[in-house]
Amino acid sequence: MEMTKTGKDTLWQDDVDVEITENDIHKRIISYKKQDEKAGREIKEDEMLTVEQVQSLLENPVCHICHRLVSWANWSLDRKENTKTHTLSNVRVASHY
């Protein structure tokens, strides 16, 4: 089945729309922050990702690697420069595959 977009802040899996909640995004942001802390990357609080920024990125949910739509279950944010933290200017939408 073809994946299609039907609404803002919604990612797709076949014909079933699954809304990604602000809480889901917030949990993912916390996970990215923990990854950055564990790796010893400098974290500047004023540059940390916000829920609104992630929602904006997910409005075009195409994986930058495989160029396919990401699903609600496999979306991620990939860092452009792995030595830097997860910030709006350093991430792009990716899938886990």
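Quick check on my filter: what residues within segment 47-83 are assigned to a strand (DSSP E or B) and either of a type in the set (Val, Ile, Thr) or more than 15 Å from Thr21 (Cα to Cα) (or both)?
Met48, Val62, Leu69, Leu77, Asp78, Arg79
How many of the residues in segment 32-78 are touching a residue at least 60 places away in the same chain (Cβ under 8 Å) and under 12 Å from the mean Cα position of the chain (by Cα)?
Within segment 32-78, residues that are touching a residue at least 60 places away in the same chain (Cβ under 8 Å) and under 12 Å from the mean Cα position of the chain (by Cα) number 4.
Search segment 84-97 for residues being part of a loop (DSSP other than H, G, I, E, B) and modelled with pLDDT under 95, and hand back the single one that is nearest to His26 (Cα to Cα).
So in segment 84-97, the residues part of a loop (DSSP other than H, G, I, E, B) come out as 84-86, 96-97.
Adding the requirement that they be modelled with pLDDT under 95 leaves 96-97.
On the way: His96: 18, Tyr97: 22 Å.
If we take residues in segment 84-97 being part of a loop (DSSP other than H, G, I, E, B) and modelled with pLDDT under 95, then His96 is nearest to His26 (Cα to Cα).
The values are calculated or read from the model by the stated rules, or taken from the named source; none is laboratory data. None of these values were measured; they are calculated from a predicted model. So basically every Cβ, Gly included, is an ideal-geometry build from the backbone, and we count neighbours across all protein chains shown.
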